Amino acid sequence: MAVTVAGFAQENLLVRIADIEVNEGYLEQYLAAAHNVGTKSVETEPGVICIFPMQVKEQPNTIRIVEIYRNQEAYQSHLQTPHFLEYKQGTLHMVKSLKLVDTNPLAPEAMPLIFKKYKH
């Protein structure tokens, strides 16, 4: 029996961590761009479950983004959206390094509880 997460089959989820190092002098601009694309993607794309950018406290130019997509098709669709393309093109010169780390969630059944527990 397939485990479902937020109504999606767990085996179809694409879950990754983007590990980004931002070039000196571009941090504030990059943070704003990452915030904007993450917010717009989650608000407008049904297949984007989560794009959650975070800044490493001890290394402010290191950004980690947790990305969760319904499936590979949702991810491919995301890459073609105007807001992602604007982010990607607008931040190319800001990014010193980018590593995408695909993961396998160890407790996917807990994911709906995480989102349910978080309330503003």
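The values are calculated or read from the model by the stated rules, or taken from the named source; none is laboratory data. The model shown is predicted, which means the values in this text are computed figures rather than measured ones. Here the Cβ positions follow ideal geometry from the backbone for every residue, glycine too, while neighbour counts run over all protein chains shown.
Quick one: would you say E86 is of a type in the set (D, E) and surrounded by 15 or more Cβ atoms within 10 Å (Cβ to Cβ)? Criteria not met by E86. Once segment 59-83 is narrowed to residues that are touching a strand residue (DSSP E or B) at 6+ places or on another chain (Cβ under 8 Å), of a type in the set (D, E, K, R) and at pLDDT 95 or above, the residue that is surrounded by the fewest Cβ atoms within 10 Å (Cβ to Cβ) is R64.
Quick grid of which residues meet (1) touching a residue at least 60 places away in the same chain (Cβ under 8 Å); (2) assigned to a strand (DSSP E or B); (3) closer than 22 Å to N12 by Cα:
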{"position": "I63", "(1), (2), (3)": "no, yes, no"}
{"position": "E67", "(1), (2), (3)": "no, yes, yes"}
{"position": "S77", "(1), (2), (3)": "no, no, yes"}
{"position": "H83", "(1), (2), (3)": "no, no, no"}
{"position": "E86", "(1), (2), (3)": "no, no, no"}
{"position": "Q89", "(1), (2), (3)": "no, no, no"}
{"position": "D102", "(1), (2), (3)": "yes, yes, yes"}
{"position": "A110", "(1), (2), (3)": "no, no, yes"}
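Restricting segment 38-61 to residues that are under 14 Å from the mean Cα position of the chain (by Cα) and assigned to a strand (DSSP E or B) leaves a set whose member that is farthest from P112 (Cα to Cα) is Q55.
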